[in-house]
Amino acid sequence: MSFDIVNPKSLGEPKGWNNGLLAPPGGRILFVAGQAGWETETAGDPPGFVEQFGRALDKVMAVVREAGGGPEDVGRMTIYVTDLSSYRASRKALGEAWRARLGKHYPAVSMVEVMGLVDEGAVVEIEATAVLGGTR
């Protein structure tokens, strides 16, 4: 199964994401709830931004894999961060964390800065949509 990438030239060339992905007919849609980079009940001190980003990606991919999918099946992600400047300062390390988990697959991505997340100590939360199966 693969997506058709939709990047209108009028929007410029995206880097590290796609403007849209068109899923193949017959695919099953998997909605992955927000996966926090840290949970309130976890013992110890919360890790830094990059570690929480990787942890949240790992949790998203655990759900996708449990449903029978892989990184290439993820069509959309929304990344919620509590500090956009930390994201900007960590782009290189975040790219390495991304490629270690999703390779060179880039879904349609939205980045949203929020005032806070439900889990105490969490600075990153990621939700996703994947499409499993389907035919061309």
Given the residues GLY68, GLY121, which is the only one that is at pLDDT 95 or above and at positive phi? GLY121
Given the criteria without any contact (Cβ under 8 Å) to a residue 60 or more places away in the chain, farther than 16 Å from VAL109 by Cβ and of a type in the set (A, V, I, L, M, F, W, C), does VAL74 qualify? no
Sort out which residues of region 108-132 are touching a helix residue (DSSP H, G or I) at 6+ places or on another chain (Cβ under 9 Å) and in contact (Cβ under 8 Å) with a residue 40 or more places away in the chain, and write them in order of number. GLY121, ALA122, VAL123, VAL124, GLU125, ILE126, GLU127, ALA128, ALA130, VAL131, LEU132
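Residues in region 8-26 that are more than 16 Å from MET77 (Cβ to Cβ) and in a loop (DSSP other than H, G, I, E, B): how many? Break it down into steps so the answer makes sense when it comes.
Residues of region 8-26 that are more than 16 Å from MET77 (Cβ to Cβ), as a first pass: 8-13, 22, 24-26.
With the extra rule that they be in a loop (DSSP other than H, G, I, E, B), the set shrinks to 8, 12-13, 24-26.
Final tally of qualifying residues: 6.
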Unique match (being more than 17 Å from ASN18 (Cβ to Cβ), among the β-branched types (Val, Ile, Thr) and either surrounded by 15 or more Cβ atoms within 10 Å (Cβ to Cβ) or in contact with a Gly (Cβ under 6 Å, 6 or more places away or on another chain) (or both)) among VAL114, VAL81, VAL109: VAL81
Based on this model, can you work out whether PRO71 counts as of a type outside the set (Phe, Trp, Tyr) and more than 19 Å from GLY103 (Cα to Cα)? no
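The values are calculated or read from the model by the stated rules, or taken from the named source; none is laboratory data. Keep in mind that this is a model prediction, so the values were computed, not measured. Note that each Cβ is placed from the backbone with ideal geometry, even for glycine, and that neighbours are counted across all protein chains shown.
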